[in-house]
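The values are calculated or read from the model by the stated rules, or taken from the named source; none is laboratory data. Since the model is a prediction, treat every value here as computed from it, not as a measurement. Glycine gets a Cβ as well: all are built from the backbone with ideal geometry, and neighbour counts include every protein chain shown.
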Amino acid sequence: MVSPSFASGTGPSVGSSSRAAPLLGEAASVLAEDFPAAATVLLRALLDEISWRAESRPPMATARYLERLDELSPRVADDTGLTLHADYMAQLRKTHGRNYGFWSLLADERRR
């Protein structure tokens, strides 16, 4: 079982995102088909790390991580112990809602 605190952004750091992000993003892609909850944990860890460190990571890459989370969310069972996708998104919007550059990269239905 995945630690809920890690997946919700209160767990350990993923390290230097500038070097780890591409590797973790690829790992999430590999896991996505058979292990959507594990892929979700990796993608959330990447997004949380980027937002905590206020990194200058390209917003388009960050937007792609979020879109992948949106795609995975229907496949993640509610009993995994992970924060529900809607709740994770609400917290992300609450914390980073004024980052208009980032949100403008998302499709219209994901901006809300």
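Can you tell me which residues in region 15-34 are outside any helix (DSSP H, G or I) and modelled with pLDDT under 80? Before the answer, list the steps.
If we filter region 15-34 for residues that are outside any helix (DSSP H, G or I), which is where we start, we get 15-16, 33-34.
Once the filter is applied, which keeps residues that are outside any helix (DSSP H, G or I) and modelled with pLDDT under 80, region 15-34 yields Gly15, Ser16.
Name every residue in region 69-103 that is at pLDDT below 75 and touching a Lys or Arg at 6+ places or on another chain (Cβ under 8 Å), in order of residue number. Trp103, the sole residue that qualifies.
Output the number of residues of region 52-68 satisfying the condition of being modelled with pLDDT under 70 and either more than 18 Å from Gln91 (Cα to Cα) or part of a helix (DSSP H, G or I) (or both).
Pass one, region 52-68, residues modelled with pLDDT under 70: 52-59.
Okay, now just the ones that are also either more than 18 Å from Gln91 (Cα to Cα) or part of a helix (DSSP H, G or I) (or both), so 52-53, 55-59.
Number satisfying all stated conditions: 7.
Residue count for region 73-98 under the criterion of being without any contact (Cβ under 8 Å) to a residue 12 or more places away in the chain and outside any helix (DSSP H, G or I): the result is 3.
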